[in-house]
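In what follows, a structure is listed as structure tokens, so that the remarks can point back to it.
The values are calculated or read from the model by the stated rules, or taken from the named source; none is laboratory data. Predicted model, so just to flag it, every value in this text is computed and none were measured. Reconstructed Cβ throughout: ideal geometry from the backbone, glycine too, with neighbour counts over all protein chains shown. Areas reflect the complete protein model, heavy atoms only, side chains present, ligands, DNA and RNA absent. Shrake-Rupley method; radii C 1.70, N 1.55, O 1.52, S 1.80 Å.
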Amino acid sequence: MYYDHIQISKINDYIFCPRSLYFHSVYENFDKGQYKAKPQIAGIIAHKTIDTNKFSSRKNILQGTEVFSEKYGIIGKIDIYDKDKKELIERKRAIKKIYDGYLFQLYAQKLCLEEIGYKVDKMKLYSLTDNKVYPINLSKEQLKKFNNTLKAIRDFDLTVSKCADANKCNNCIYHELCRK
Ligand code: SF4
């Protein structure tokens, strides 16, 4: 049993840069307008229709529902789950590349849903700005990679972790806050 459930949204942060996880945790209770960069604000707005339950009122759709998994020690919200189609969808503002962080968010949601009895036969990423859909599968290798990432997050030590590469740092919303 885990006493420190990892937030699903933080898995993506960790993959971008382990140090950003620390800043995410420190600043998550602040007014978002104070420290979020423009692309992140846009991403939050893209999800707002889901968080405020405006996407659909159909009974077969779960949206913005909180889920957790005892087995994997993770907690968070699903984006959209269609009970009839057994389909899980994660919407992003604009998908230019399918990062592991996007995949892991979907995997985490799927594992949480399945633990509480919902079957997930299909997963997809949906890019809002260009209306593109990317089907996603979870292989054994990917599940192993996902598990290793959860372990790395639990073992992470900010004091010994190295800085990410310069390109990442230049595009990072925590650039000004992070001591390189
Ligand atoms: S500025 Fe660089 S090292 Fe610091 S959190 Fe961002 S990516 Fe990581």
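The modelled label-to-label distance for the pair residue 59/residue 147, using points 7 Å beyond Cα in the direction of Cβ, is 3.9 nm. Each residue, residue 130 and residue 83, gets one label point 7 Å from its Cα in the Cβ direction; the gap between the two is 3.5 nm.
Among the listed pairs 10/168; 96/119; 85/151; 83/140, give every one whose C-alpha distance is greater than 26 Å. The pairs that break the limit, which is 26 Å between Cα atoms, are 96/119; 85/151.
Rolling a 1.4 Å probe over the protein chains gives residue 99 an accessible area of about 110 Å².
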